[in-house]
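Structure first, commentary second.
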Amino acid sequence: MIQLTATPVSALVDEPVHIQATGLTPFQMVSFQASLEDESGNMFYSQAHYRANEFGEVDLKHAASLGGDYMGVHPMGLFWSLKPEKLLTRLLKKDVMNKPFQVQLKLYDLELIVNNKAASAPKASLTLERWYVAPGVTRIQVREGRLRGALFLPPGEGRFPGVIDLFGGLGGLLEFRASLLASRGFASLALAYFNYEDLPAKPEITDLEYFEEAANFLLRHPKIFGPGVGVVSVCQGVQIGLSMAVNLKQVTATVLINGTNFPFGIPQVYRGKIYQPFPYSAQLISTSALGLLELYRIYETTEVGASQYLFPVEEAQGHFLFIVGEGDKVINSKAHAEQAIGQLRRHGKNNWTLLSYPGAGHLIEPPYSPLCCASMTRDLKLHWGGEVIPHAAAQEHSWKEIQKFLRKHLIPDMTSPL
């Protein structure tokens, strides 16, 4: 009897699943197919083809895919190779608390699929639950003063290291990374800063005091460690995270995923200081063979006069973790990270770590998330970049490193003498 098993059937999205098929005929060719429907009804699909061993078994932990959406030994390939049925669609979890993503896993006889036989019903199937929040994590809507967001607290009495989570140009409130960080022991504030509730849809400035209020909000919480907080930021959020690290003594650990070392778009303002946005060169926008916009060349920071726009990163007292996808087609993030590190080096600073991933694109997300290499954003067809397999490896490695970095710099050393 053919059986398809997956362990665990219900798990956090950053946890691996062990998938096996048994009861096949020796050396039978089979196709594993996965599908997922997002909260808007968009479908995502993946498939991989395998040959059973002499015992009629396929174990994805050890067996190599021979074809489909990936090849080689990749136990979680069916998850990170999911592709949208509707092109330019990004998989984004919105309701993290109440419903998991459900992944339908089906096993087919490959010969029947290839020959397009009507009888090609799946030989076995099952449904997996992929959660963005662990049991016991609580979500608190934040509307305190100007602040808008959601605070996720891990289960237990605490205290916990505190983290502010910042996304980029989509605006609104994205919670899936903060809820996962809380599931891993961090009190995490998913912070909106434009285009959400009563926040301006198109702000004319970035007011850094808003983010200072967020840091103080966390540090006042009885379940959160002091004296510092961390920031996890991506894309447009990176320019804010970097500026927070420079200007706010409360920020002691900053994760910067694929961003710039200068403000862009609108000025940043903090207590009388004004950081002017870097002027972009529209003539350097390029278009891919598929008609996707590539913006990574529009900021030429090596030009004369460029230095006046760069953040004085050497003034930061905390630590930096720069995470770079070398295949990023939106921001030349490797060049910007290396430029910031060069500044730190010239000032004798060693408070930084660089993780640079060949083949990874712009949207480096938690492990096993599908690569989104292009999507519609603000009515633009943006090429985010990345190759499926190296991007997946970058997500898995960087997620562990982010947690190690935050724990190292946010949790007080209880062994040190008073």
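Worth a mention:
- Criterion (of a type in the set (A, V, I, L, M), within 15 Å of N195 (Cα to Cα) and in contact with a Gly (Cβ under 8 Å, 6 or more places away or on another chain)) met by exactly one of L173, L147: L173
- The residues in region 103-121 that are in contact with a Leu (Cβ under 7 Å, 6 or more places away or on another chain) and either of a type in the set (S, T, N, Q) or at pLDDT below 95 (or both) can be counted, and the count is 2.
- Under the condition of being modelled with pLDDT under 95, of a type outside the set (V, I, T), surrounded by 12 or more Cβ atoms within 10 Å (Cβ to Cβ) and not in a helix (DSSP H, G or I), the residues counted in region 298-351 number 2.
- Residue that is surrounded by the fewest Cβ atoms within 10 Å (Cβ to Cβ), among those in region 189-220 that are in contact (Cβ under 8 Å) with a residue 60 or more places away in the chain and assigned to a loop (DSSP other than H, G, I, E, B): E204
- Qualifying residue in region 388-405 (condition: open to solvent by 20 Å² or more (accessible area, probe 1.4 Å) and outside any helix (DSSP H, G or I)): no
- Residue pairs meeting the criteria (Cβ under 8 Å; at least 6 apart or on separate chains; first farther than 18 Å from E175 by Cα, in region 221-235; second open to solvent by 10 Å² or more (accessible area, probe 1.4 Å) and of a type in the set (D, E)): K223/E157
- Filter result (within 30 Å of H74 (Cα to Cα), in a strand (DSSP E or B) and not aliphatic (A, V, I, L, M)) within region 352-380: T353, S356, Y357, S375
- Filter result for Q283 (out of contact with any Ser or Thr (no Cβ under 8 Å at 6 or more places or on another chain), open to solvent by 60 Å² or more (accessible area, probe 1.4 Å) and part of a helix (DSSP H, G or I)): yes
- Test: G272 is over 22 Å from Q339 (Cα atoms), out of contact with any strand residue (DSSP E or B) (no Cβ under 7 Å at 6 or more places or on another chain) and either of a type in the set (D, E) or open to solvent by less than 50 Å² (accessible area, probe 1.4 Å) (or both): no
- Scanning region 146-197 for residues that are among the hydroxyl-bearing types (S, T, Y) and either within 24 Å of D413 (Cβ to Cβ) or modelled with pLDDT under 95 (or both) turns up just one, S188.
- Of all residues in region 363-384, those that are out of contact with any helix residue (DSSP H, G or I) (no Cβ under 9 Å at 6 or more places or on another chain) and either small (G, A, S) or in contact (Cβ under 8 Å) with a residue 24 or more places away in the chain (or both) total 11.
- Note on region 44-59: among residues that are among the hydrophobic types (A, V, I, L, M, F, W, C) and farther than 19 Å from Y132 by Cα, the one that is surrounded by the most Cβ atoms within 10 Å (Cβ to Cβ) is A48.
- Residue match in region 125-141 (condition: outside any loop (DSSP other than H, G, I, E, B), in contact with a Gly (Cβ under 9 Å, 6 or more places away or on another chain) and touching a residue at least 12 places away in the same chain (Cβ under 8 Å)): no
- Across region 68-89, the number of residues qualifying as out of contact with any helix residue (DSSP H, G or I) (no Cβ under 8 Å at 6 or more places or on another chain) and surrounded by fewer than 18 Cβ atoms within 10 Å (Cβ to Cβ) comes to 7.
- Taken over region 164-188, the criterion of being over 13 Å from E365 (Cα atoms), aliphatic (A, V, I, L, M) and either assigned to a loop (DSSP other than H, G, I, E, B) or open to solvent by 20 Å² or more (accessible area, probe 1.4 Å) (or both) is satisfied by L170, L173.
The values are calculated or read from the model by the stated rules, or taken from the named source; none is laboratory data. Since this is a predicted model, take the numbers as computed values, not measurements. Note: ideal-geometry Cβ built from the backbone for every residue, glycine included; neighbour counts use all protein chains shown. When the accessible area is computed, the model is the full protein with side chains, heavy atoms only, and any ligands, DNA or RNA have been set aside. Shrake-Rupley method; radii C 1.70, N 1.55, O 1.52, S 1.80 Å.
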